[in-house]
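Data first, discussion second: the structure below is written as structure tokens.
The values are calculated or read from the model by the stated rules, or taken from the named source; none is laboratory data. Bear in mind that the values here come from a model prediction, so they are computed numbers and not experimental data. With ideal geometry, Cβ positions are generated from the backbone for all residues, glycine too; neighbour counts draw on all protein chains shown.
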Amino acid sequence: MRCPPRLKLESSDFGQGGQVTFDSIDAKAGKARIVGNVGAGDVLVLVTIAGLTFVEQTAFGNVNLTTVFAAYDSPSSRRFVAVSSRHQNLNGPFPSQYHGTCSVLD
């Protein structure tokens, strides 16, 4: 069994511009769309007690997960806590995880 190189933790910004948008969310059907800096695509939506989790499989077979928690980041805020994990294989494991906030677009 081949072991991956040691992973290191470092601070980073979330992609270019640091934003993605989920729209056309249909929780009953478990479907939504993601719009990011490299285009748009369909994603699965899982509704749990924690909130909404969006599951994206990229054209290269990588998996990205984003959970928008049913909790605000502070008592006076309208921003939801969110975590995004990217499970990529680029000549070996290349995982990443980001956390921040998101808000509902008007």
Checklist line | Of residues in segment 7-30 being in contact with a strand residue (DSSP E or B) (Cβ under 6 Å, 6 or more places away or on another chain) and either polar (S, T, N, Q) or assigned to a strand (DSSP E or B) (or both), the one modelled with the lowest pLDDT | finding: T21
Checklist line | Positions within segment 47-63 being more than 13 Å from F22 (Cα to Cα) and surrounded by 10 or more Cβ atoms within 10 Å (Cβ to Cβ), in sequence order | finding: V47, T48, A50, G51, Q57, T58, N62, V63
Margin query: Pairs needed: first member in segment 87-106, over 13 Å from T67 (Cα atoms) and at pLDDT below 85; second member anywhere, polar (S, T, N, Q) and not in a loop (DSSP other than H, G, I, E, B); C-beta distance under 6 Å; at least 6 residues apart or different chains.
Written below: F94/Q88
